[in-house]
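Visitor: One structure coming up, written as structure tokens, with questions to follow.
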Amino acid sequence: MNSDDREKLSFSELDRIRREGRDGGGERRPRGKAAEARSKQATEGYLKEAGKIFTDAQGGAEGDALARAVEAAHGTPELAEACRAYREAVGLPGGLALLSLFLDADDPAIVAEAIRKLAEGHEAGEVQVSRGLKSQLRVLEQSSDDDVAYEAEELLARL
């Protein structure tokens with residue numbers, strides 16, 4: 001009997017055989033109690049970090065809901081109130097996208113605080129000020145409120 005007389009295996013069968021041979025047909029487990037403990041600790045750490053991406057908005061679930069309220073109120077007269085509620089519950093946002101919405105609020109105190117927060121982030125190297133944000137700051141530099149105008153002018157001078 002010749003080797004050509006046997007039935008040829010399909011590619012999926014060959015892959016399955018390779019997979020079973022390499023993995024032993026099951027899940028790979030760490031050897032020993034210490035290795036298993038390290039593996040469990042690493043897995044928990046990875047899952048915790050991955051969970052932050054999706055659920056760890058500033059202020060947790062409440063902060064996430066308040067951030068959505070600020071985004072929904074953008075362009076409406078309720079923006080200042082939504083920003084005030086967010087600031088009281090969570091503080092000023094750390095993210096540039098949400099913080100830039102605070103610059104559109106009708107409350108000069110909120111706008112001045114947001115500009116100061118932008119300046120702090122820029123000094124720390126955490127915030128890159130885009131051309132659009134610079135334009136927004138130039139408009140705020142002409143504000144009738146002295147605090148807002150001064151803060152915008154100071155930040156633009158540092159950029």
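Visitor: Hey, does the stretch 66-79 have a residue that's charged (D, E, K, R), surrounded by fewer than 18 Cβ atoms within 10 Å (Cβ to Cβ) and assigned to a loop (DSSP other than H, G, I, E, B)?
Guide: From the stretch 66-79, those charged (D, E, K, R) are 68, 71, 78; that's our starting set.
Adding the requirement that they be surrounded by fewer than 18 Cβ atoms within 10 Å (Cβ to Cβ) leaves 68, 71, 78.
Now restrict to residues that are assigned to a loop (DSSP other than H, G, I, E, B): 78.
Within the stretch 66-79, one or more residues are charged (D, E, K, R), surrounded by fewer than 18 Cβ atoms within 10 Å (Cβ to Cβ) and assigned to a loop (DSSP other than H, G, I, E, B).
Visitor: Taking the stretch 89-101 as the search range and keeping residues that are part of a helix (DSSP H, G or I) and at pLDDT below 90, which one is nearest to residue 137 (Cα to Cα)? Can you show your working first?
Guide: Here is the first cut: in the stretch 89-101, the residues part of a helix (DSSP H, G or I) are 89, 96-101.
Checking the rest, the ones that are also at pLDDT below 90 come to 89, 96-100.
Numbers: 89: 26, 96: 14, 97: 15, 98: 15, 99: 13, 100: 10 Å.
The extreme case among them is 100.
Visitor: Sticking with this one: Of 158, 131, which residue is within 24 Å of the chain's Cα centre (by Cα) and more than 24 Å from residue 60 (Cα to Cα)? Talk me through it step by step, then tell me what you get.
Guide: Working: 158 fails: within 24 Å of the chain's Cα centre (by Cα).
When all the criteria are applied, what remains is 131.
Visitor: Which of the residues spanning the stretch 116-150 are open to solvent by 70 Å² or more (accessible area, probe 1.4 Å) and either in a helix (DSSP H, G or I) or farther than 21 Å from residue 87 by Cα (or both)?
Guide: Filtering the stretch 116-150 down to residues open to solvent by 70 Å² or more (accessible area, probe 1.4 Å) leaves 116, 120, 123, 126, 128, 131, 138-139, 142, 144, 146-147, 150.
Passing the criteria: 116, 120, 123, 128, 131, 138, 139, 142, 144, 146, 147, 150.
Visitor: Another question, if that's okay. Filter the stretch 105-115 down to the residues that are in a loop (DSSP other than H, G, I, E, B) and either surrounded by fewer than 19 Cβ atoms within 10 Å (Cβ to Cβ) or within 17 Å of the chain's Cα centre (by Cα) (or both) and list them by number. Quick ask: steps written out before the conclusion?
Guide: Within the stretch 105-115, the first condition is being in a loop (DSSP other than H, G, I, E, B), and the residues that meet it are 105-107.
Result: 106, 107.
Conditions tested, residue by residue: (1) open to solvent by 80 Å² or more (accessible area, probe 1.4 Å); (2) at pLDDT below 55; (3) farther than 27 Å from residue 94 by Cβ.
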site: 21; (1), (2), (3): no, no, yes
site: 31; (1), (2), (3): yes, no, yes
site: 50; (1), (2), (3): no, no, no
site: 59; (1), (2), (3): no, no, no
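The values are calculated or read from the model by the stated rules, or taken from the named source; none is laboratory data. It should be emphasised that the depicted structure is a prediction, and the values quoted were computed from it without experimental measurement. All Cβ positions, glycine included, derive from the backbone under ideal geometry; neighbour counts span all protein chains shown. To get the accessible areas, we keep the full protein, side chains included, count just its heavy atoms, and leave off ligands, DNA and RNA. Shrake-Rupley method; radii C 1.70, N 1.55, O 1.52, S 1.80 Å.
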